[in-house]
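Only one structure is covered here, and it is reproduced in the block below.
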Amino acid sequence: MSARWKAIGALGLVVSIVVCACSPLNQQAPPERLAVVARTSVAASPTPSPTPTTKAGDLTLARAVDFRALVNETLAAQAIALLRQDEEAFLRPANNADARNGLLRRYRNLTAMRVTGFQLSSGPLEADSGTGQWKSKVYISFCFVVANCTMDGVSEPAVWADTATGPELLALQPAAVSDDWYGDPQPWELSDLHVAVGTRVVVATTAALKNRLPELLREAEKAAQVADEFAIRGKPDLYRVYLADKNEWKTWFGVVMPRWAAGYAKEIGPSHTDVVLNNSSARSQYLADMLRHELTHASTLQGKHHWSGNWWLIEGIAELAAHPVGLGPADWKAETISYVRRSWDRKLPGEDPPDDISDSAAGARYGVAFLAVKRLNDRFGHAKVIDFFERVIEQDLPLSVVSESVFGSPWSEVEADCIGFIRAYR
Ligand SMILES: [Zn+2]
């Protein structure tokens, strides 16, 4: 995950900045996909399973297999119902008011976000002999707005009743936080969202902040044009931006950010990186910079990328997009100059700033990252910087190899030139 610091506040107050939390990515394989792929163009009903040899109420392994097939039929029908915007059919499996309300939240959020790809399937069913209930993980694949969009996945624990008339959903509760890349809770699972849809971006927030949606969408659409120019391996089919209020900042995606973080970009699958902005930091005067920074993470970071040792490059390219005319006073320019003169170790920073670093020191490290990538961009041009980034971050090739092949110069020379440029910055 990659973050952005808060800008210096109004009235000259030094508000705070960031820790970039580029987390290691989970290496687990994608979940098993069992249900039919249900897109808007799919009109067929789910394929019936063979007649079960077991019956409702059995808690045997054989019943677990049969019941999983029945649950998958139910889920496949729900996926089709959602895409057809058939609310009644989508809610039909709910056994109780809580389960119904949970499904209703998902239905309303996903249709508001114009879901165009949606797929549900169940993991193995596990019986609880005490209650007679069954537990499973429901695997959800989804994407929005664009026809034939690339789907991402999230899994959600579910509890089922095995009845004579079919599976009934007793409970559906996203995990607060998960070790599984696919387990982190999506905003549309946790909160009732208000949504605005543009051509390149969908933005969403809670009721308390819905008045900010027009401004957020307008600025995000402009930022997307910039981020698209930095795209690695093709533009994302859509950017997704969530504006978090206090509670949502602590719960969406199961992320715990330092108090001084202003926003983050979260890789949620192989092809999308979602953006969350902290509303308290996303004042109008900073919104454009924040969005250019975070959406450029979304366009440059693909799923499992290689962040270790490359913090300066990952953040530097986002900073280059954020500050097309260079660092301003709110971007810690003075602190960067001071840091470079007094305490910089004359190395390109490879790892996140420590959690306990001062605000100005963290801001200065972002300044160093910006200057390093700006120098590469000035010297070699945009296309070669993109090529360099792709080979280092996505392919994990050594800097020494990539520098020779892309820039035509040894990395030792290129790095020394960047360091000289940073030291001379005024
Ligand atoms: Zn960042």
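Descriptive notes on the structure:
- Residues satisfying the stated conditions in segment 283-298, i.e. of a type in the set (A, V, I, L, M, F, W, C), more than 12 Å from the chain's Cα centre (by Cα) and either within 12 Å of the ligand (Cβ to nearest atom) or buried (at least 24 other Cβ atoms within 10 Å of the Cβ) (or both): M290, L291
- Restricted to strands (runs of 3 or more DSSP E) entirely inside segment 194-257, those with at least 2 residues that are under 27 Å from N377 (Cβ atoms) and in the same structural domain as A322 (by TED's automatic domain parsing) are 239-244.
- Residues that are basic (K, R) and modelled with pLDDT under 90, drawn from segment 263-321: R283, K304
- Scope segment 370-398; condition part of a loop (DSSP other than H, G, I, E, B), within 20 Å of H306 (Cβ to Cβ) and either not polar (S, T, N, Q) or not assigned by TED's automatic domain parsing to the domain that holds T300 (or both); matching residues: D396, L397, P398
- Matching residues in segment 301-331 - criterion: being outside any helix (DSSP H, G or I) and more than 14 Å from the ligand (Cβ to nearest atom): Q302, G303, K304, H306, S308, G309, P324, V325, G326, L327, G328
- Scanning segment 349-368 for residues that are within 11 Å of W312 (Cβ to Cβ) and open to solvent by 60 Å² or more (accessible area, probe 1.4 Å) gives E351, R365.
- In segment 327-340, of all residues being touching a residue at least 40 places away in the same chain (Cβ under 8 Å) and out of contact with any Lys or Arg (no Cβ under 8 Å at 6 or more places or on another chain), the one that is surrounded by the most Cβ atoms within 10 Å (Cβ to Cβ) corresponds to W332.
- Taken over segment 343-360, the residue count meeting the criterion of being of a type in the set (A, V, I, L, M, F, W, C) and within 16 Å of the ligand (Cβ to nearest atom) is 2.
- The residue list G363, G367 contains one member that is within 16 Å of the ligand (Cβ to nearest atom), touching a residue at least 60 places away in the same chain (Cβ under 8 Å) and outside any loop (DSSP other than H, G, I, E, B), which is G363.
- Looking across segment 255-275 at every residue that is among the β-branched types (V, I, T) and over 8 Å from the mean Cα position of the chain (by Cα), the one that is least open to solvent (accessible area, probe 1.4 Å) is identified as V255.
- Looking across segment 84-105, just one residue is surrounded by 22 or more Cβ atoms within 10 Å (Cβ to Cβ) and either without any contact (Cβ under 8 Å) to a residue 40 or more places away in the chain or within 21 Å of V195 (Cα to Cα) (or both), and that is F90.
- Of the residues making up segment 375-392, not one is within 9 Å of I317 (Cα to Cα) and open to solvent by 60 Å² or more (accessible area, probe 1.4 Å).
The values are calculated or read from the model by the stated rules, or taken from the named source; none is laboratory data. This one's a predicted model, so the numbers in the text were calculated from it and none came from an experiment. FYI the Cβ positions are ideal-geometry reconstructions off the backbone, even for glycines, and counts take in every protein chain you see. Heads up: the accessible areas ignore ligands, DNA and RNA and are worked out on the full protein's heavy atoms, side chains in. Shrake-Rupley method; radii C 1.70, N 1.55, O 1.52, S 1.80 Å.
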